[in-house]
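Contents: one structure, followed by commentary.
The values are calculated or read from the model by the stated rules, or taken from the named source; none is laboratory data. Quick caveat, the model's predicted, so the values are computed rather than measured. Positions of Cβ are backbone-derived with ideal geometry, glycine not excepted, and every protein chain shown enters the neighbour counts.
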Amino acid sequence: MYRILLFAAIIACVCGLILISTKGSQSSPLPQPPEVRARNQELFLTLHAVADSNGHDSFAFNGKPVAPTLRVSPGDTLRIDYVNDLPKQAKGSCAISPCMDMTNLHFHGLQVSPNAPQDDVLTMTAMPGQTLQYTVSIPRDHPPGLYWYHTHPHGESHRQVRDGMSGAIVIEGMEHYVPEVHELQEQILIVRGQAISDNPQAASLLKRVGEPASICGGQSEAPEEIFTVNGAIRPHIAIAPGEREFWRVVNASADRYIDLQLDGQPLEIVALDGMPIAYHESAHPTRTVNHFLLPPAGRIEALVTGPPSRAHATLRSLCVNTGPEGDPNPGMVLADVVPGIPAAPLLPKSTTTLNPPAHKTIDVQAKEKSDPDFVATFTEDKRGFYINGQLYQPDSVPMRVAHVGTYEHWRIVNATQELHPMHIHQTHFLAFAENQRPITDPVWLDTVNVPVGGSVDVIMDFTDPVIRGMSLFHCHLLNHEDKGMMAKILFN
């Protein structure tokens, strides 16, 4: 009886702390999207593209406007019937008018084939009333981690992704690289941008997320978006003081940066852009930071510790100066972090027997010292956004032909007055220099920030034969991509 009463008292105390911490912030528990798991090495679902009465687009799953989290293991097959139920007459505007309400899927970061029926965004496009059937084979040696899926129709990507047409993909097996995560509570945080420029409640929404009065980065324009986490504005995340958890965060916004910080607590990074740090550096499997810049499409997977019980802690994005011509990107609170028991239970771990963890150690010093094999220069003017002076068109020839089985030294040059994040489909790269100066702790990514008026040097890994085919690289500010800052690359 004594133990029962003690347990009840603890629960009451915890609940009281949650109420105290969230009072006045309009905070609600962090929502959890539904999960779909592979069974017998296959994951199948039907996903719909739908629009509400205001013309806002979204995914729909099992009759609800929500994007499920997809959990697969290396060697599994992902099958998706993607039904375009968008109206034939689109409301609103797109980067390329008129809006056609066409749509498709990109499996961002997955090292899979760019050919139909896999990660093909060039020839697989559904008009309203049509259905696409995807069959994506996850290689048996695919690195585990957080990936994501989103729409990628040229000219309409920005609108659809900003409306929330995105979801998380988890490739199981991170515990093979970081054993601690196997027993930890896992939180998946999908951070999106929500447009508020036409919302009469914009001022109160900005106040709710703690948008500061001071100007960020010298930009005087009012912010056009706020952040949501799993579709909620400033929810609360419950974690017991001192408890360790495994957080997986994706910046699924169409065009906003996140400088991620958990008040008073470091982030112990185990993977970036789905790639475990230990995959290439088994002796140094983690990196500890106080905050981390996530460009649009970037992901971070980190071990975190619950703040002290009396602390008022938040998960926030710090101000990001996007340059003289960039969009406002002020600091904002993403979520309140409160002491308590997480609403979501400890996720059951995959029972699939995985291969021993693979490690890939390569000597890139010679490539780093060599002249670039390819230079991609980002420019812009009032008519559009360009790579090497070329405006992307669907019938464009490949800008680069790369030989499968090789590594290439690329230099991405930003000749503009705003930040640009560069992403390449199908593969990862080692970002080793910024403004032609060595980066202290180089990391493997699939999306990298290119500084204003500067450059980034990377080593592209084109050694995987699975990637053979026509693919893309582009700026992941999707408004820029839609308006031309994208190019084809042929892997042969």
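Remarks
- Residue match in segment 366-377 (condition: at pLDDT 95 or above, surrounded by 15 or more Cβ atoms within 10 Å (Cβ to Cβ), assigned to a strand (DSSP E or B) and of a type in the set (Asp, Glu)): no
- When each of 97, 157 is tested for being in contact with a helix residue (DSSP H, G or I) (Cβ under 7 Å, 6 or more places away or on another chain) and farther than 25 Å from residue 73 by Cβ, the lone residue that passes is 157.
- The requirement of being surrounded by fewer than 23 Cβ atoms within 10 Å (Cβ to Cβ) and not in a strand (DSSP E or B) is fulfilled nowhere in segment 247-261; no residue meets it.
- Number of positions in segment 378-391 that are surrounded by 14 or more Cβ atoms within 10 Å (Cβ to Cβ) and either touching a helix residue (DSSP H, G or I) at 6+ places or on another chain (Cβ under 8 Å) or among the acidic types (Asp, Glu) (or both): 2
- Within segment 96-107, the presence of at least one residue that is in contact with a Pro (Cβ under 6 Å, 6 or more places away or on another chain), part of a loop (DSSP other than H, G, I, E, B) and of a type in the set (D, E, K, R) is confirmed.
- Subset tally (residues that are within 21 Å of residue 392 (Cα to Cα), among the hydroxyl-bearing types (Ser, Thr, Tyr) and assigned to a strand (DSSP E or B)) for segment 145-185: 0
- Residue that is nearest to residue 111 (Cα to Cα) [pool: residues in segment 264-293 that are surrounded by fewer than 17 Cβ atoms within 10 Å (Cβ to Cβ) and at pLDDT below 95]: 282
- In segment 67-99, the qualifying residues are those that are at pLDDT 95 or above and among the aliphatic types (A, V, I, L, M), and the one that is surrounded by the fewest Cβ atoms within 10 Å (Cβ to Cβ) is 83.
- Members of segment 298-323 found to be among the polar types (S, T, N, Q) and touching a strand residue (DSSP E or B) at 6+ places or on another chain (Cβ under 6 Å), listed by number: 305, 314, 317
- Checking each residue in segment 300-318 for being under 14 Å from residue 261 (Cβ atoms), surrounded by 20 or more Cβ atoms within 10 Å (Cβ to Cβ) and not polar (S, T, N, Q) picks out 300, 302, 304, 307, 313, 315, 316.
- Any hit, segment 195-216, residues being farther than 22 Å from residue 36 by Cα, under 22 Å from the mean Cα position of the chain (by Cα) and not in a loop (DSSP other than H, G, I, E, B): yes
- Qualifying residue in segment 335-352 (condition: modelled with pLDDT of 95 or more, surrounded by 14 or more Cβ atoms within 10 Å (Cβ to Cβ) and closer than 18 Å to residue 474 by Cβ): no
- Scanning segment 125-136 for residues that are part of a loop (DSSP other than H, G, I, E, B) and in contact with a Pro (Cβ under 7 Å, 6 or more places away or on another chain), we see that the one that is surrounded by the most Cβ atoms within 10 Å (Cβ to Cβ) is 125.
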